[in-house]
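Encoded as structure tokens, the structure appears first; notes follow it.
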Amino acid sequence: MHTLPKLNYSYDALEPYIDAQTMEIHHTKHHQTYVDKLNAALEKYPELQTKTVEELLQDLSAVPEDIRGAVRNHGGGHWNHRFFWQILDPKAERVALSDELKLKFKNAALGHFGSGWVWLVKGSEGLEVMTTPNQDSPISQGLEPVLGLDLWEHAYYLKYQNRRVEYIDSILNYWYK
Ligand code: MN
């Protein structure tokens, strides 16, 4: 069974960048739902239940076709959010980022249509910025994320409404204040 990880900080720890109510709903409702739906998808495949979410996502072709989409979406949602909580930790170490990469990250986030994530990943040629749609995770492409930002409206709507640019700027300022 996959479980919702505890946060190492309180829901109001990221104020004023991310408000406590958004954090609480995001963690206890949205993330919990990804975990629950991942477990539900795996119910009829006991042999997959011992695999970590990384193992599932890194080899989606090995997942039976009838649940592959669910594992991709909900397993991805679980992994992406668990990673997100870690990099939002006030005590987490930040990867050094040039102004150029920060701008690339911001522009990629702004240019991404609809729900998804913007990432900074370690690829074969060093640090790269990319986005993924929905809950697709870069680890399914063999990449190692070092930074990721949730671009779903549920991540910012209560505080920022439709002002995605303010949300992106605010999180970058939080990480690199
Ligand atoms: Mn989210």
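For residue 50 and residue 100, the difference between the fully extended length at 0.36 nm per residue and the C-alpha to C-alpha distance is 13.8 nm.
Comparing 20, 69, 85 along the charge dipole axis of the stretch 20-88, the residue lying farthest to the positive side is 20, per the Cβ-charge model. Using alpha carbons only, the radius of gyration of the stretch 20-88 set against its Kirkwood radius gives Rg/Rh = 1.01.
Think of each Lys and Arg Cβ as +1 and each Asp and Glu Cβ as -1; about the Cα centre, that makes the dipole of the stretch 99-175 roughly 200 debye. Taking the average, over residues, of other Cβ atoms within 10 Å as the packing measure, peptides 104-112, 69-77 rank 69-77, 104-112 from highest down.
The residue among 123, 142, 156 whose Cα reaches farthest toward the positive pole of the charge dipole of the chain, with charges on the beta-carbon of Lys, Arg, Asp and Glu, is 156. Computed on the stretch 52-136, with alpha-carbon pairs under 8 angstrom and 6+ residues apart, the relative contact order is 25 percent. Out of every Cα-Cα pair that the stretch 26-177 contains, those further apart than 20 angstrom amount to 50 percent.
Values in this text are rule-based calculations from the coordinates and carry no lab data. Note that this is a predicted model, so its numbers are computed, not measured. Because the Cβ atoms are built from the backbone with ideal geometry, glycine has one as well, and the counts that use them run over all protein chains shown.
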